[in-house]
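Okay, so here's the structure we're looking at.
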Amino acid sequence: MAEPHTTRRPRSMARMLRSALILLGVLSVALSAFGAAFLFHNAFSEQVDRDLARTAAAVAAGYESSGTPAPEDLARYDLGSLRLTLIAPDGAVLFDSLTDDPAALPNHLDRPEVQQALAGGAGQSVRHSETAGMETHYYALLLADGTVLRLADETSNVWSSYNRVLPLLLLACLLIVILGAVLAAVITRRLVRPVTRMAEHLDTIEADVPYEELIPLAHTVQSDRKLREDNETMRREFTANVSHELKTPLTSISGYAELIENGMAKPEDIPAFGHRIHKEAKRMISLVSDILQLSELDGMSKGNAAQNPPDFAPVDLAALTKEVAGAMTMNARKAYVTLQYHAAPAAVQGSRDLLTELLTNLCDNAIRYNRPGGHVELSCGTGPDGCPFLCVEDNGIGIPQDAQDRVFERFYRVDKSRSKATGGTGLGLAIVKHIAALHGARIELKSTVGTGTTVRVSFPRE
Ligand code: ADP
């Protein structure tokens, strides 16, 4: 069982969408409001400067047209909010429309626009006003007599333009918050509805994926379901097979025992009946131990033992081959089969017990599915590709082509009666396949009916 994940409360999609929408709305409104105010203010400033220059030129023309201009003449010009100043070349103020006593004003020679005018004929500048939120635009013009005529206009500065849009901005933000919440709720509902529908119809999940981004999820769900169904089918078939396999010997044991119990067996038959009971019980024992072995192997591969095997150590395949050949000699002899081995030095990282089981099962089959006078050869070594291998070759009955893939399935037998008669459980090759997988080994089966079978297990290169 996998470790349960620590449960974390899932985030709300509606809340995330709402925040994103609101952030986007507020940002775009603020940026466009500030951008518009800035552009507008720039255009407005340019306009003010242009107007000042034009008015200054007109005033200068009027003033100079009198021939002998006197500063006091400037009082004639009513320029509204514009301030008109006349400055002597030394900076002294000769006239100022805001005061009757221009001499009291400070020297204006340091003013940038005055300096520009003295140097180049005209000058302009913008300065902060003393009044908050205002700025003053100046335009200065050098007159023919060397004095400088200056016009000033006080306008609101860019910050006060912003201040003016601020309430509107706040109102827009409020609207965006409300709109964002409503939109987020609507969008979430529309986004989620197809997903919910998809989750309700898991059978067709891959065909009905509503968004392409969900294809991997649908794929995982589909394959997970398929795997689960396959596992379930396999488990059911296995249970049915096991029950069936156990029932047959039990029925015969029960039958013979009943005959003896009822006194229906003749005394001379009793040893034969005892022998049958013993044989069937032995069959059951080997079946149960094969099942136990398979379930143990299942547990190992589930626990990812292939990557981190618990008791893997270097195994000398040559020694193992000799040992198995020695142990199987009696069986071979009983079946009138000659058994030989050819053990070249080879070693793998693995479980000695499991590899012994693997080779014993293959050798056992080679003897059992053989003919009197047949021949079995066990061999091991290192292949031309550098991979260590174990090989069992026989010249027995062979396996038909169409059954060659299936013989590794649990309980699959080509010839059921022969398998049973020779003490087979139908699980031997399934166990072989499992052990090979645990060692990362690959199995090659070559067989021709009537000629014989070769099974070769190649291990990964060390
Ligand atoms: P069993 O216990 O029946 O031998 P196995 O899983 O070992 O089960 O083998 C499955 C089937 O494959 C056997 O029933 C037999 O028909 C066939 N088989 C296995 N090995 C050989 C072989 N060396 N020659 C011919 N047939 C074989």
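Every read-out reported here was derived from the displayed coordinates using simple, explicitly stated rules and does not represent laboratory data. Since this is a predicted model, take the numbers as computed values, not measurements. So basically every Cβ, Gly included, is an ideal-geometry build from the backbone, and we count neighbours across all protein chains shown.
Take the Cβ atoms of ALA104 and THR7, set R0 to 60 Å, and the FRET efficiency comes out at 0.15.
Could you tell me the distance between the Cα centroids of the stretch 335-351 and the stretch 28-72, to the nearest Å? Each part reduced to its Cα centre gives a spacing of 106 Å. From least to most packed, judged by other beta carbons within 10 angstrom and beginning with the fewest, SER97, SER81 follow the order SER81, SER97. Which pairs, out of LYS266/LYS420; LYS226/LYS279; LYS334/LYS433; LYS420/LYS446; LYS247/LYS334, put more than 32 Å between their alpha-carbon atoms? Table pairs above 32 Å Cα-Cα are LYS226/LYS279. Length available on full extension from GLU268 to ASP353: 0.36 nm per residue minus the Cα-Cα distance, which gives 26.3 nm.
Which of the helices in the chain, when you take each full DSSP H run, stretch at least 15 Å along the axis at their Cα atoms and have an average Kyte-Doolittle score of 0.5 or higher?
Values: long enough: 13-64 (75 Å, 0.80); 158-200 (58 Å, 1.30); 215-261 (67 Å, -0.67); 270-302 (47 Å, -0.08); 317-334 (26 Å, 0.19); 352-368 (24 Å, -0.01); 428-438 (16 Å, 1.70).
For the chain, where a helix must reach 15 Å along its axis and average at least 0.5, the hits are 13-64, 158-200, 428-438.
Summing +1 for each Lys or Arg and -1 for each Asp or Glu among the other residues whose beta-carbon sits under 15 angstrom from that of PRO372 gives +4. Convert 20 °C to kelvin, take the viscosity as 1.002 mPa s, use the Kirkwood radius over C-alpha pairs of the stretch 22-129 as Rh, and evaluate the Stokes-Einstein diffusion coefficient in µm²/s, rounded to a whole number. So the translational diffusion coefficient is about 129 µm²/s. Seen from ALA332, the other residues with C-beta closer than 13 Å to its C-beta sum to a net charge of +1, counting Lys and Arg as +1 and Asp and Glu as -1. Taking H as built 1.01 Å from N, whose amide H comes closer than 5 Å to the amide H of ALA92, not counting residues under 5 places away? Amide H neighbours of ALA92, under 5 Å, 5+ apart: HIS108. Each 5 Å bin from 0 upward holds the following percent of the Cα-Cα pairs of the stretch 310-455: 2, 10, 20, 24, 21, 15, 7, 2, 0.
Our compactness index for the stretch 389-462, the C-alpha radius of gyration over the empirical 2.2 N^0.38 Å, is 1.12.
So what's the net charge close to GLY80: Lys and Arg +1, Asp and Glu -1, counting the other residues with Cβ under 13 Å from its Cβ?
Within the 13 Å Cβ shell, the charges total -3.
Counting only Cα atoms, the size of the stretch 348-415 along its three principal axes is 35, 29, 25 Å, in decreasing order. Using 0.36 nm per residue and subtracting the Cα-Cα separation, the extra length available between PHE238 and ASP90 on full extension is 41.9 nm.
What the Kirkwood sum gives for the stretch 185-266 is a hydrodynamic radius of 17.3 Å, with every pair of different alpha carbons counted. Placing unit charges on the Cβ atoms only, positive for Lys and Arg and negative for Asp and Glu, gives the stretch 321-431 a dipole magnitude near 520 debye about its Cα centre.
As an exercise, take the mean of 1/r over every pair of distinct alpha carbons in the chain, invert it, and state the Kirkwood radius in angstroms.
Taking every pair of different Cα atoms in the chain, averaging 1/r and inverting gives 33.0 Å.
Among ASP96, ASP402, ASP394, the ranking by other beta carbons within 10 Å of each residue's beta carbon, starting with the fewest, stands as ASP402, ASP96, ASP394. Using r as the Cβ-Cβ distance of SER252 and LEU227, and R0 as 41 Å, what FRET efficiency do you calculate, to the nearest 0.05? Between SER252 and LEU227 the formula returns 0.60.
For the chain, the 222 nm mean residue ellipticity estimated from helices alone, with every DSSP H stretch of n ≥ 4 adding -39500 (n - 2.57) and the total spread over all residues, rounds to -18000 deg cm²/dmol.
When the P(r) is computed for the stretch 219-304, the part past 22 Å accounts for 49% of the Cα-Cα pairs.
Rounded to the nearest 20 debye, what is the charge dipole size of the chain about its Cα centre when +1 sits on each Lys and Arg Cβ and -1 on each Asp and Glu Cβ?
3240 debye
Using R0 = 35 Å, the C-beta based FRET efficiency linking LEU183 and SER129 works out to 0.20.
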